There are 2 protein chains.
Amino acid sequence: MVNLKPRLYGWGFLILLTMSTLKEHQKFMRMAIRLSEKNVADAKGGPFGAVIVKAGKLIAKSANKVTLTNDPTAHAEVSAIRLACKKLQTFDLSGCVIYTSCEPCPMCLGAIYWARLDTIYYANTKTDAAAIGFDDQFIYEELELKMEQRKLPIIQLMRNEALPAFKQWELSPMKIDY
Amino acid sequence: MVNLKPRLYGWGFLILLTMSTLKEHQKFMRMAIRLSEKNVADAKGGPFGAVIVKAGKLIAKSANKVTLTNDPTAHAEVSAIRLACKKLQTFDLSGCVIYTSCEPCPMCLGAIYWARLDTIYYANTKTDAAAIGFDDQFIYEELELKMEQRKLPIIQLMRNEALPAFKQWELSPMKIDY
């Protein structure tokens, strides 16, 4: 006769673990969503919130602060990354995850890559955002085009004069890689 | 007989204008390049500088400050945008142009679009940057992939709970569009 007991215990444990993980995800996403709602209710900015978590612990949270602080880069994700880095005193958020109430725009996605976050959890989609006037899609499309096809003019000059700084960086014994 | 004089004056004026415009571009790009060099020499950060100009006037300038300020979003372009917005007390930099010593990464390009800058002037290319270890290319490639193909896990949850904030924004009489 096969002893099923340890197996059953194993499954039970796995189910409990999955349920508690899901609850944790929901708790932090709900926090991001509440920030997005409160931001609109308080007339402080766009309906976006983001939360950064490390090993189940809240590290930083922010709503969108573009109009509040006159900073077009102060999307919820970028602002939460800045706060998390300040708190942990590092520019490297490996081991952290981000919960954002909306799919990140290209700027925020870039910031998330540079900050080396482990995972992105998002709720609303960029299509939902476009439907209320936040057109990230335009930027996504521009990024996919060749430079000369983009709407925003981008012109190269003086590469020869700029290259030595790169050489200098390569040879610098004092540089901090990032 | 055709009187060529006015035409010649016209051409001369155009050539002078073009030369002075080129000189202005060179002046500001040189400023961005000097920032990139000084940043490496002072061991303050990566070899990148950016300058924001409005109607021929310097508005803001910054080198890369990622390691100096523990802020992975503090690339030269993003930092210059933030300073320019602070100075002009607006989140909208229409009418301004940016001179950057290197082709912007996707995060900075996103920030430039959100800030509504008119033109980008750049010197070094992203290929030059990759050659000294700054791999924006990886992020560009990730952005072009479908979510499920990306290396960075991105997971959707709780859209139903997040959507009401968008509705709330649409209906808000107090919102400031940006």
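Checking A:145, A:163, A:152, A:157 one by one, the residue that is under 30 Å from residue A:102 (Cα atoms) and in contact with a strand residue (DSSP E or B) (Cβ under 8 Å, 6 or more places away or on another chain) is A:152 and no other.
Among the residues of the stretch A:16-74, the one identified as of a type in the set (Phe, Trp, Tyr) and either at pLDDT below 95 or in a loop (DSSP other than H, G, I, E, B) (or both) is A:48. Give the number of residues within the stretch B:62-92 that are touching a helix residue (DSSP H, G or I) at 6+ places or on another chain (Cβ under 6 Å) and of a type outside the set (Phe, Trp, Tyr). Count: 13. From the set of residues in the stretch A:16-45 that are more than 10 Å from residue A:99 (Cα to Cα), small (Gly, Ala, Ser) and under 20 Å from the mean Cα position of the chain (by Cα), which is farthest from the other protein chains (Cβ to nearest Cβ)? Going through the qualifying residues, I end up with A:45.
Would you point out the residue of the stretch B:122-131, among those that are assigned to a helix (DSSP H, G or I) and surrounded by 15 or more Cβ atoms within 10 Å (Cβ to Cβ), that is nearest to the other protein chains (Cβ to nearest Cβ)?
So in the stretch B:122-131, the residues assigned to a helix (DSSP H, G or I) come out as B:126-131.
Still in the list and also surrounded by 15 or more Cβ atoms within 10 Å (Cβ to Cβ): B:126, B:128-129.
Details: B:126: 11, B:128: 6, B:129: 7 Å.
So the residue we want is B:128.
Residues of the stretch A:115-132 that are over 18 Å from residue B:155 (Cβ atoms) and without any contact (Cβ under 8 Å) to a residue 24 or more places away in the chain: A:130, A:131.
Residues are listed down the side, and each one gets a yes or a no for (1) assigned to a helix (DSSP H, G or I); (2) more than 25 Å from residue B:67 (Cβ to Cβ); (3) more than 9 Å from every other protein chain (Cβ to nearest Cβ); (4) of a type in the set (Gly, Ala, Ser):
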site	(1), (2), (3), (4)
A:133	no, yes, no, yes
A:141	yes, yes, yes, no
A:165	yes, no, no, yes
A:168	yes, no, no, no
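Within the stretch A:87-111, the set of residues being outside any loop (DSSP other than H, G, I, E, B), more than 7 Å from every other protein chain (Cβ to nearest Cβ) and without any contact (Cβ under 8 Å) to a residue 60 or more places away in the chain comprises A:87, A:88, A:96, A:97, A:98, A:108.
Only residues that are surrounded by fewer than 17 Cβ atoms within 10 Å (Cβ to Cβ) and at the interface with chain A (Cβ under 9 Å from one of its Cβ atoms): list them for the stretch B:143-153, please. Before you say what the answer is, go through the steps one by one.
Of the residues in the stretch B:143-153, the ones surrounded by fewer than 17 Cβ atoms within 10 Å (Cβ to Cβ) are B:144-153.
Result: B:144, B:147, B:152, B:153.
The values are calculated or read from the model by the stated rules, or taken from the named source; none is laboratory data. For clarity, every value in this text was computed on a predicted model and none was experimentally measured. We place every Cβ from the backbone using ideal geometry, glycine too, and count neighbours over all the protein chains shown.
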